[in-house]
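Notes follow the structure.
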Amino acid sequence: MSENIKIHEKDKNIFDMLQAEFTFKTGKKITQQELFSNLIEFVSSRKDNFFGRVSKLPLSEKQKKKIRSLQSDWGIETCEEEIDFVVYGARR
């Protein structure tokens, strides 16, 4: 199955450079389809790392401030053990 996807010019240039560098370093030619498939396989095997980068972690100070603004004091004191029990369902 063949699909077309839109790619920014900058990304296309990087892709072309990767293809050329692969050929230079290995002495073997690789088609763009093969390169794309290899990139997808590589990213798929490192999903956690990839998703972390794509989701822009760590958060910016502005994002942290926004999250902190949602916090409120309910007037109830808790200890770590109570929090662990509520979050994880078990006591230490």
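Partner lysines whose Cα lies under 17 Å from the Cα of Lys47, excluding those fewer than 8 positions away in the same chain, are identified as Lys56. If you take all other residues with their beta carbon under 14 Å from the beta carbon of Gln71, and give Lys and Arg +1 and Asp and Glu -1, the sum is +3. Which residue, chosen from Asn4, Val86, Gln19, occupies the Cα position most advanced towards the positive end of the dipole of the chain, where the dipole is computed from +1 (Lys, Arg) and -1 (Asp, Glu) charges on Cβ about the Cα centre? So the residue furthest toward the plus end is Gln19. Rg and Dmax of the chain, both derived from C-alpha coordinates alone, stand at 23.1, 68 Å.
Placing +1 on the Cβ of every Lys and Arg and -1 on the Cβ of every Asp and Glu, with nothing else charged, gives the chain a dipole about its Cα centre of roughly 420 debye.
Coordinate-derived values only; no laboratory data. Since the structure is predicted, the reported quantities are computational estimates derived from the model, not experimental observations. Here the Cβ is made from the backbone with ideal geometry for all residues, glycine too, and neighbour counts use every protein chain on show.
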